[in-house]
Amino acid sequence: MQQITTYSNLIWCFDDAMREQDCNALRDHMELAKFSNQPNIDGRMPWVDSDDLPYSRIQDANIKRVVEAFRFRCAQICMSATNTIVYPNYTDLVLWRPGRSMHEHKDNGYTDDSNLRPRVWTAVTYLNDDYKGGVTFIKNERGEYYSSVPKLGRTVIFASDDRCTHGVTPVEQGNRYTLSIWFATNPDHLENT
């Protein structure tokens, strides 16, 4: 694993955080999943059209083990980078079809959704890089943007609050597959498995 310089105290990037064979196994599993096959309608997020597979809904025991092992590894990476003790709060495999994008937002702190408030750190792992677009852009503490270019096995970790608002540029061609894990610092918010 190699750390990539982000020039931020709130954003960390690591190449080869996930093994290629594990990325391929998760992507292949998602390709076989029964997603809704809906086009991008009015900029809706992938999970609105059921283009996601939360950890709690994974039925395949081997895939569940791959995700569980990486949740542990990613938590270790996050704790080392951020110098905080973390607990996986929510884990989600997501398919981003051509045309999908995400506006700039934060991952916690919204008063209308108490499920999001415990999130302190966000981790996004790219399960493939054979597509165009789909770049994650993250605002840093200086108001500048870091662009996390998709690379198979790369994990980018950043603050979930308004210090690191972020989004995803449109996927132009091909499907983008990611594994997102949100971490809390309170064990009471540990994800149900």
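Amide H contacts under 5 Å for V135: T169, restricted to partners 5 or more places along the chain or on a different chain, H placed in the peptide plane at 1.01 Å from N.
Taking amide H atoms as placed 1.01 Å from N in the peptide plane, the amide H of S160 lies under 5 Å from those of W121, T122, each 5 or more residues away in sequence or on another chain. Take each peptide in 167-173, 79-85, 126-132, count the other Cβ atoms within 10 Å of every residue, and average; sorted highest first, the result is 126-132, 167-173, 79-85. For N89, the amide hydrogen comes within under 5 Å of the amide hydrogens of W182, F183, A184, E191, counting only partners 5 or more places away or on other chains and with H modelled in the peptide plane. Rounded to the nearest 20, the size of the Cβ-charge dipole of the range 86-193 about its Cα centre is 320 debye, with Lys and Arg at +1 and Asp and Glu at -1. The heavy atoms of S101 present about 40 square angstrom of accessible area, all protein chains included, probe 1.4 Å. For the range 157-166, 3J(HN,Hα) computed residue by residue from phi via the Karplus equation (6.51, -1.76, 1.60; θ = phi - 60°) reads 10, 7, 5, 7, 8, 6, 6, 10, 4, 7 Hz, glycine and proline entered as x.
Dipole check for the chain: with +1 at the C-beta of Lys and Arg, -1 at the C-beta of Asp and Glu, and the Cα centre as origin, the magnitude is about 160 Debye.
The values are calculated or read from the model by the stated rules, or taken from the named source; none is laboratory data. Quick caveat, the model's predicted, so the values are computed rather than measured. Reconstructed Cβ throughout: ideal geometry from the backbone, glycine too, with neighbour counts over all protein chains shown. Areas reflect the complete protein model, heavy atoms only, side chains present, ligands, DNA and RNA absent. Shrake-Rupley method; radii C 1.70, N 1.55, O 1.52, S 1.80 Å.
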